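Engineer: Please see the structure below; I have some questions.
The values are calculated or read from the model by the stated rules, or taken from the named source; none is laboratory data. It should be emphasised that the depicted structure is a prediction, and the values quoted were computed from it without experimental measurement. Cβ atoms come from the backbone with ideal geometry, glycine included; neighbour counts cover every protein chain shown. Remember, those area values only see protein heavy atoms, side chains included, never the ligands or the DNA or RNA. Shrake-Rupley method; radii C 1.70, N 1.55, O 1.52, S 1.80 Å.
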Amino acid sequence: MATLGLTKPQRVVLFTEDDPLRLAGGRTLGPVEVAFETYGELSPERDNVVFVCHALTGDAHAAGEHPDDGRRGWWDNLIGPGKPVDTDRFFVVCPNLLGGCQGTTGPSSPNPETGHSYGRDFPILQMSDFVAVHRALLDHLGIERVMAAVGGSLGGMQVLQWAVEHPEQIEHAVVVAASARLSAQNIAFSAVAREAIMRDPDFQDGHYFESDKKPEIGLAIARMMAHITYLSDEAMTEKFGRRLQQGEEPGFRFGVDFQVESYLAHQGRSFLDRFDAMSYLYLTRVMDYYDPFADPDAVTRVAAGGTHFLVVSFDTDWRFSTSHSREIVRTLEHAGVPVSFREIRSPWGHDSFLLQPPGYHPTVQAFLDHADDCRAQRGGA
Amino acid sequence: MRNDLRVVSGLVPDGSRVLDLGCGAGELLSHLATRGCRGTGVDTDEEAVLGAIRSGVSVIELDVDHDLGEFADDTYDVVVLSRTLQALHRPADVLTEIRRIGRRCVVSVPNFGLWKHRAFLAVRGRMPVSRALPHEWFDTPNIHLATLPDMEALFARTRWDVEQRVLLDESGSPLRRQAGGNLRAGAAAYLLQR
C-alpha cells in the first residue's frame with residue numbers, strides 16, 4: 001500500500017507567557033508549544049483541509065514514516081495517497097494534544113514560574129481547551145475552515161466538541177468509536193488506571209520529574225488494564241487463546257505463563273518509553289468530565305452551524321460501545337443535524353478504529369469523497 | 001429515477017422533513033433535496049448505504065423492524081416506505097411506530113391482487129413471478145404480500161387515513177384510469193395521514 005514516505009514533524013509556539021491560552025477552567029497557560037505534522041498540499045483556496053485528532057496516547061505522527069526510526073504513523077492505513085484521507089487531494093493536519101507528552105505543552109513541560117516541570121501544578125484541562133489549541137494552530141497556518149475533522153475515540157470527542165462550539169468552522173465531522181458522555185463503567189476503568197499511577201511510591205505526589213524515579217509500575221499497570229478494554233474477548237481469544245508462553249505444561253506459578261500475560265506485560269513496558277504518567281492522568285480526566293450536550297443550547301448551535309456528521313461504531317467495542325455512538329446520533333438527528341451512522345462488524349473491539357475491518361474505510365472514504373465533491377461544486381460555482 | 005419513486009416524490013410536499021425507511025442509495029432524498037426537503041434515510045444494505053453517503057444523503061444504518069425507537073415523536077413531516085413495507089417482518093408494528101414519528105406517511109407496495117398474479121396462481125397453481133413481483137418465492141425480499149384491499153385494511157387497523165391513492169402499472173408509472181384498481185394495478189402509492 002502506498003505510503004507518504006518520510007514525514008516531517010514541526011513545532012510552533014502558539015501562546016506565550018504574555019499572551020497565554022485562557023483555559024475553560026479559568027486559568028491561563030503560556031507558553032504553549034504544539035508539535036504537528038502536515039501531509040499533502042494546501043489548495044490555493046485553502047479549502048481542502050482535513051484535520052486529524054488523535055486518541056488518548058496518540059501523537060502528531062499520524063501517517064508516513066518517522067524520520068528517526070521509520071515508524072509508521074498510527075493512522076497510516078487511513079491517511080496517504082489514494083487512501084480515504086487522500087493526501088493527493090487533501091491537506092492533512094495532525095497535532096499532538098495539549099496536555100500530552102509528545103511535543104505539545106503538558107505536565108512534563110517546564111513551568112515558567114518555577115523553571116521546573118509543571119507536574120501536578122499543570123491546570124486541569126477540558127475538551128474545549130484541546131479545541132482552542134487546534135483552532136490556534138489553524139490560525140497559525142492561515143486556514144479559516146476545515147473541509148473535514150476526523151478522529152477516533154478521544155479524537156472523535158475533540159471533533160464533536162469542536163463542532164459543538166464552532167460548527168461554522170467544520171463542514172464535515174467524522175466521529176469514530178467515541179462517546180459524548182462516559183458511562184460509570186468507563187469512568188471506573190480510568191479511575192483504576194489513575195489509582196495505579198498515584199499509588200505508585202515513585203509518583204511522589206506528581207513531582208517526580210525532578211527526581212530520578214518515575215511511577216513506572218503504576219503507568220505500566222494502567223496501560224495493561226486499558227489494553228484489556230481495547231480488545232474484545234473474541235479478539236483476545238483469537239490472538240492468544242490459552243496458549244502458554246513456554247513449553248506445553250502450565251507452570252503453576254504466579255509469573256508470566258500465558259501468552260496473553262506476556263503480551264500485556266510487553267504493552268505496559270513499551271508504553272513507558274513514550275508516555276508520561278501525569279499526561280495520562282490529565283487526559284483521562286478530560287474524558288470523564290466530557291458532556292457536551294449537557295448544555296441544551298449546544299445541539300441547537302450545531303444544527304444552525306451546518307456541520308454534516310458521520311458517526312461510526314464497531315459491534316465488539318465494549319469500551320465505547322455502539323450505544324455511545326447511537327446516543328450522539330440520536331441527539332444530533334433529533335435536532336435536525338445531518339448525520340450518517342454505521343455500526344461496522346469487526347472482531348477487534350475498540351482497537352478497530354485503528355485497523356481495517358471490512359466496510360470501515362469505504363464508509364469514511366464515501367463521506368470524504370462527498371465532502372470533496374461539495375468543495376469542487378463550490379469552486380465551480 | 002425509478003418510476004414509482006417519481007410518484008412517491010410527487011406525494012411529498014416541498015420543504016418537508018422526510019424520513020425514508022429503506023432508502024437504498026438515497027435517490028429519493030437526493031431528488032427531494034432539490035425541492036427544499038431535508039431528510040434522513042435508513043437502510044441496512046451496505047452498498048446502498050455507502051452509495052447514499054457518497055451522494056451526500058444522511059443515512060442511518062438501522063433495522064427498520066426493530067430500531068425505529070431511535071427516532072423521536074413528531075420529528076418528521078413525512079415518513080416514506082417505498083417498496084419496503086412488504087419486506088418487513090412486522091409491518092403493522094412499523095406502521096404504528098411511524099404514526100408517532102411523522103404526521104404523514106407515503107407507502108408504495110406491489111399488488112398481489114393484480115389479475116395476472118391471480119391468473120398465474122389460478123392457472124399454474126404456482127406463486128406468481130412478474131415485473132411487479134420479479135423474485136421466486138424462495139429468494140424474494142418480499143415476505144408479506146398483500147392485495148390493495150388487504151393493505152388498506154392494515155392502514156385502517158393502524159389508524160392511518162388514506163389521503164391519496166395512486167395506482168401504478170407494472171413498470172411503476174401511474175395508470176391512466178384509476179378505477180378497478182385491485183385487478184389492474186401492479187403496485188400502488190398511498191399518502192396517509194394520521
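Engineer: Do you know which residues across the stretch A:61-106 are among the acidic types (Asp, Glu), assigned to a loop (DSSP other than H, G, I, E, B) and touching a residue at least 60 places away in the same chain (Cβ under 8 Å)?
Structural biologist: A:Asp76
Engineer: Which pairs turn up if I take residues in the stretch A:39-60 that are part of a loop (DSSP other than H, G, I, E, B) and look for partners that are among the β-branched types (Val, Ile, Thr) and at pLDDT 95 or above with beta carbon separation below 6 Å, at least 6 apart in sequence or on another chain?
Structural biologist: As it stands, the answer is A:Gly40/A:Thr87; A:Gly40/A:Val92; A:Arg46/A:Ile143, since those pairs meet every condition given.
Engineer: Any residue that is charged (D, E, K, R) and either within 14 Å of chain A (Cβ to nearest Cβ) or closer than 25 Å to A:Ala303 by Cα (or both) - is there at least one of those in the stretch B:78-97?
Structural biologist: The answer is no, given that none of the residues of the stretch B:78-97 is charged (D, E, K, R) and either within 14 Å of chain A (Cβ to nearest Cβ) or closer than 25 Å to A:Ala303 by Cα (or both).
Engineer: Right, another one. With modelled with pLDDT under 95 and aliphatic (A, V, I, L, M) as the only criterion, which of A:Ala35, A:Ala2, A:Ala24, A:Ala55 stands out?
Structural biologist: Answer to the check: A:Ala2.
Engineer: Another question, if that's okay. In the stretch B:111-128, what residues are touching an Asp or Glu at 6+ places or on another chain (Cβ under 9 Å) and buried (at least 22 other Cβ atoms within 10 Å of the Cβ)?
Structural biologist: B:Phe112, B:Leu114
Engineer: Oh, and also: Restricting the search to the stretch A:176-225, which residues are of a type in the set (Lys, Arg) and part of a helix (DSSP H, G or I)?
Structural biologist: Result: A:Arg194, A:Arg223.
Engineer: Let me ask something else about it. Could you tell me which of the residues A:Pro296, A:Pro362, A:Pro357 is part of a loop (DSSP other than H, G, I, E, B) and either within 13 Å of chain B (Cβ to nearest Cβ) or touching a Phe, Trp or Tyr at 6+ places or on another chain (Cβ under 7 Å) (or both)?
Structural biologist: A:Pro357
Engineer: Residues in the stretch B:101-109: is at least one away from every other protein chain (no Cβ under 14 Å), modelled with pLDDT of 95 or more, open to solvent by 20 Å² or more (accessible area, probe 1.4 Å) and not in a helix (DSSP H, G or I)?
Structural biologist: yes
Engineer: If you don't mind, there's one more thing I want to ask. Working only within the stretch A:5-58, note down all residues that are of a type in the set (Gly, Ala, Ser) and either crowded, with 23+ Cβ neighbours inside 10 Å or more than 23 Å from A:Thr105 (Cβ to Cβ) (or both).
Structural biologist: A:Gly5, A:Gly40, A:Ser43, A:Ala55, A:Gly58
Engineer: Restricting the search to the stretch A:302-341, which residues are in a helix (DSSP H, G or I), open to solvent by less than 30 Å² (accessible area, probe 1.4 Å) and more than 10 Å from every other protein chain (Cβ to nearest Cβ)?
Structural biologist: Correct list: A:Val302, A:Gly305, A:Thr322, A:His324, A:Ser325, A:Ile328.
Engineer: On to the next question. Conditions: (1) open to solvent by 80 Å² or more (accessible area, probe 1.4 Å); (2) at pLDDT 95 or above; (3) of a type in the set (Lys, Arg). A:Arg223 meets all but one. Number of the miss?
Structural biologist: With (1) open to solvent by 80 Å² or more (accessible area, probe 1.4 Å); (2) at pLDDT 95 or above; (3) of a type in the set (Lys, Arg) applied to A:Arg223, the lone miss is (1).
Engineer: Quick one: which of B:Arg38, B:Arg54 is within 10 Å of another protein chain (Cβ to nearest Cβ) and touching a strand residue (DSSP E or B) at 6+ places or on another chain (Cβ under 6 Å)?
Structural biologist: The conditions single out B:Arg38.
Engineer: Return yes or no: is A:Glu144 in contact with a helix residue (DSSP H, G or I) (Cβ under 7 Å, 6 or more places away or on another chain), open to solvent by 10 Å² or more (accessible area, probe 1.4 Å) and not in a helix (DSSP H, G or I)?
Structural biologist: no
Engineer: Under 6 Å between Cβ atoms, which residue pairs at least 6 apart in sequence (or on different chains) link something in the stretch B:110-125 that is in contact (Cβ under 8 Å) with a residue 24 or more places away in the chain with a partner that is assigned to a helix (DSSP H, G or I) and of a type outside the set (D, E, K, R)?
Structural biologist: B:Asn111/B:Leu148; B:Gly113/B:Leu148; B:Gly113/B:Asn182; B:Trp115/B:Leu183
Engineer: With the requirement that a residue be open to solvent by 10 Å² or more (accessible area, probe 1.4 Å), closer than 24 Å to A:Met287 by Cα and of a type in the set (A, V, I, L, M), what does the stretch A:109-141 give you?
Structural biologist: Result: A:Ile124, A:Ala132, A:Ala136.
Engineer: Is one or more of the residues making up the stretch A:250-262 more than 23 Å from A:Asp59 (Cβ to Cβ) and assigned to a strand (DSSP E or B)?
Structural biologist: yes
Engineer: Any residue in the stretch A:368-377 that is within 12 Å of chain B (Cβ to nearest Cβ), open to solvent by 60 Å² or more (accessible area, probe 1.4 Å), more than 28 Å from A:Ala235 (Cα to Cα) and part of a helix (DSSP H, G or I)?
Structural biologist: Yes, the conditions are met somewhere in the stretch A:368-377.
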